[in-house]
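Report on the following structure.
The values are calculated or read from the model by the stated rules, or taken from the named source; none is laboratory data. Every value quoted in this text rests on a predicted model; they were computed, and no experiment measured them. In this analysis, Cβ positions are derived from the backbone assuming ideal geometry, glycine residues included, and neighbour counts consider all displayed protein chains.
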Amino acid sequence: MAKIIDGKKVSASLREKIREKTALMAVKPGLAVVIVGDDPASHVYVRNKKRGCEEVGFNSWVYELPESTTQDELLALIDRLNADDDVHGILVQLPLPKHIDESIVTERIVPDKDVDAFNSVNAGRIFKGGAVLLPCTPAGIMELLKYYDIEVRGRRCVVIGRSNIVGKPMAMLLLAADGTVTVCHSRTRELASITKEADILVAAVGKAGFVTADMVKDGAVVIDVGMNRDENGKLCGDVDFASVEPKCSYITPVPGGVGPMTITMLLRNTLAAAKYIIQNDKTEVEK
Ligand code: NAP
């Protein structure tokens, strides 16, 4: 029987620490969230981010722009937020309407305020080491491993998925923690023979029930990043939990595993950005 990794519990404990640290700061960290258009799911995410900010004592501002907003208007807002001393973190909720180039927009955020860590400078810093801002979902997974004392050093880590927001940065963080890392993707041959070697298996594919028991080594740690809907519309991960769980030492459920960590890591990034911008202090992430 696997031990279930409780993302809600870890997230609550980290938020409490962020709240305590924030209370000691002379200047409150401030997060600006920009949303363009009416996508209902995006509005739910933005509301949760604002609620998270209130919970830990940050300032937050939500800019709700109409679907008709031009790219230039959005870039002008980002320029204003880049120059605003009260704002330490800027997040543009994705996806953006089709007439706006997401890459141009995310690159426009100054790297020190890029709390999603999506722009090239922060991606490069993850590659080289010494980053202050880490991509939220992979950083949340590293915190889960740390909380449960799961050793990464020297262990065989396999990541399924190579997206810029999950798979690739996940591989870099595991490598930085001295894991021996393999990244698999849709062109990988004999996937199961590779995943079966993993001590730590991270699934970030986006396909319900993709990881089955025959792909998992006995005693492995299985981290399920997937957020999919099953045939009944119920939220489910990339891992076939019922068959995989009995084989693992640890496993993250969906919901309640990786998901609750993502906004918490956004809050930690905002605190880290504020500490760095205000007092040139990089310790929030280095610790
Ligand atoms: P993505 O950009 O669609 O990437 C999916 C990756 O899976 C790609 O690299 C793809 O390979 C690979 N893949 C697809 N089919 C495969 C196969 N048959 N065998 C091996 N690899 C395969 O997705 P993403 O943004 O990384 O997200 C992945 C999942 O995580 C989604 O369900 C998403 O909703 C979820 N997610 C959750 C959170 C959270 O907070 N919990 C945050 C972000 C994402 P190619 O590169 O070759 O196409």
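Residues in segment 127-143: is at least one over 28 Å from residue 282 (Cα atoms) and part of a loop (DSSP other than H, G, I, E, B)?
No: zero hits.
If you check 152, 183, which single one turns out to be within 30 Å of residue 13 (Cα to Cα) and over 14 Å from the mean Cα position of the chain (by Cα)?
Selected residue: 152, the only one of 152, 183 that is within 30 Å of residue 13 (Cα to Cα) and over 14 Å from the mean Cα position of the chain (by Cα).
Return the pair list, or none, for Cβ contacts closer than 9 Å from residues in segment 96-115 that are on the phi > 0 side of the Ramachandran plot to residues that are acidic (Asp, Glu) and buried (at least 19 other Cβ atoms within 10 Å of the Cβ), at least 6 apart or on different chains.
Here the result reads none, with nothing in segment 96-115 linked to a residue that is acidic (Asp, Glu) and buried (at least 19 other Cβ atoms within 10 Å of the Cβ).
In segment 241-287, which residue that is more than 16 Å from the ligand (Cβ to nearest atom) and outside any helix (DSSP H, G or I) is surrounded by the most Cβ atoms within 10 Å (Cβ to Cβ)?
Top of the filtered list is 248.
Say we look at segment 217-238 and pick out the residues that are closer than 18 Å to residue 151 by Cβ and not small (Gly, Ala, Ser); which of these is farthest from the ligand (Cβ to nearest atom)?
Ranking the qualifying residues of segment 217-238, first place goes to 218.
Look at residue 55 and say whether it is modelled with pLDDT of 95 or more, over 17 Å from the mean Cα position of the chain (by Cα), crowded, with 16+ Cβ neighbours inside 10 Å and part of a helix (DSSP H, G or I).
yes
Taking interchain pairs and intrachain pairs at least six residues apart, which have beta carbon atoms under 9 angstrom, with the first residue in segment 158-179 and among the β-branched types (Val, Ile, Thr) and the second modelled with pLDDT under 95?
Filtered contacts from segment 158-179: 165/118.
Which residue pairs have Cβ atoms under 8 Å apart, sit 6 or more places apart or on different chains, and have a first residue in segment 184-213 that is touching a residue at least 40 places away in the same chain (Cβ under 8 Å) and near the ligand (Cβ under 7 Å from one of its atoms) and a second that is assigned to a loop (DSSP other than H, G, I, E, B) and of a type in the set (Val, Ile, Thr)?
Going by the 8 Å Cβ cut-off, the qualifying pairs are 204/166; 204/225.
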